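Here's the structure, in structure tokens; my notes come after.
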Amino acid sequence: QNLPFHMARHAVVLIRHGESAWNAAKRFSGWADMDLTKKGVQEAQTAGLRLKAAGMCFDEAHVSLLKRSADTLALALHGSGNAATPVYHTWRLNERHYGALTGRSKQEAEEELGKDQLLRFRRGFEVEPPVMDECHPYFAHIYSDTRYQDVCVPSLPRGESLKQCFDRVLPYWEGRLKARMASGKRIIVSAHNNVLRCLVRHIDGMSDEALALFEIPTGVPMIYHLDETFCSVGTKDQLGFSGTFLTGGSAIVDDPALISR
């Protein structure tokens, strides 16, 4: 994809965490805090090498409170020569909360709910999953976690539609990330599939129908080039996605917005 670099005022790198234990087991993770698999560690290390090959440097990194994204970020920053980059953690970048589905295998959920209803929970933009109640086996695992002690309790979800996840993530993009980019900061964001899908929807104005078909691979950096109004200057594909996945060494090597200066 040929990107009009001369039109780009800003650039931001987004990366989904490497494969986690529950990705491999095909379980709904949500806010449950799972480790990376060996494959996930390798994906994060490879991401770092790809960022290094592209000559990318960062002034700051933003990441969720979940260790699969934090570990991915640490490995990618180390591998790219950016280990000293300041890191900011926020619950607003946590994965979509899958409510009562958390910990369930996709097969179990399909058998209980039916294939069509499960698909609506997973891909419908406004469809909410059943909420996680206090009897849920992962309730204490999440809500007793001291990482959330400074968050107003009513703000913490017990289950989210993709729209509710979008409404949680968007203020951080609008209120924090855009301001940092506007001040000249080179930023990388390490988060989760649905969080990044929400950002893609916002940046590209992707339709809900296209978003339902759009999946982000684990551990592969993607880069957005943005103009002064934070609109993407990339060419959109058939789904309306205008970012670039960094799947090879020098795809972005001429990017003035992220290269070392």
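Just so it is clear, none of the values below were taken in a lab; they were calculated from the coordinates. Fair warning: this is a prediction, and the values are worked out from it, not measured in the lab. Cβ coordinates were reconstructed from backbone atoms using ideal geometry, including for glycine residues, and neighbour counts include every protein chain displayed.
Would you mind calculating the gained length between Cys57 and Arg9 on full extension (0.36 nm times residue separation, minus the Cα-Cα distance), in nm to one decimal?
15.7 nm is the gain from fully extending Cys57 to Arg9.
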(message) Check which residues have an amide H placed less than 5 Å from Leu246's amide H, if you skip close sequence neighbours.
(response) Met222, Ile223
(message) I need the peptides 123-130, 144-151 ranked by packing, meaning the mean over residues of other C-beta atoms within 10 angstrom, with the highest value on top.
(response) 123-130, 144-151
(request) Please name which of Val169, Ala140, Pro130 has its Cα lying farthest along the dipole of the stretch 98-180 towards the positive end, using unit charges on Cβ (Lys, Arg +1; Asp, Glu -1) and the Cα centre as origin. (result) Val169
(message) Just want to confirm a number: the relative contact order over the chain, from Cα pairs under 8 angstrom separated by 6+ residues, in percent.
(response) 33 percent
(request) Would you mind getting me the FRET efficiency between Gln42 and Glu110? Use the beta-carbon distance for r and R0 = 30 Å, nearest 0.05. (result) 0.50
(message) Nearest 5 percent is fine: what portion of the DSSP beta bridges confined to the stretch 5-245 is antiparallel?
(response) 45 percent
(request) Just check the stretch 1-143 against the gyration tensor rule for me: Cα atoms, a ≥ b ≥ c as the square roots of the eigenvalues, rounded for a/c under 1.5, and otherwise prolate or oblate depending on whether a/b exceeds b/c. (result) prolate
(message) Could you work out [θ]222 nm for the chain from helices alone, using -39500 (n - 2.57) per DSSP H run of at least four and dividing by all its residues? Round to the nearest 500 deg cm²/dmol.
(response) -9500 deg cm²/dmol
(message) Across the stretch 1-70, what fraction of all alpha-carbon pairs, as a whole percent, falls in each successive 5 Å bin from zero upward?
(response) 3, 13, 20, 21, 16, 12, 9, 5, 1
(request) Quote the charge dipole size of the stretch 5-245 about the Cα centre in Debye, to the nearest 20; the model charges only the Cβ of Lys and Arg (+1) and of Asp and Glu (-1). (result) 620 debye
(message) I'm checking a number: the convex hull volume of the Cα atoms of the chain, normalised per residue, in Å³. What is it?
(response) 120 Å³
(request) Please check which bits of the stretch 7-30 a label hung off Lys185 would reach, taking the label as a point 7 Å along Cα-to-C-beta and the cut-off as backbone N under 17 Å. (result) 10-15
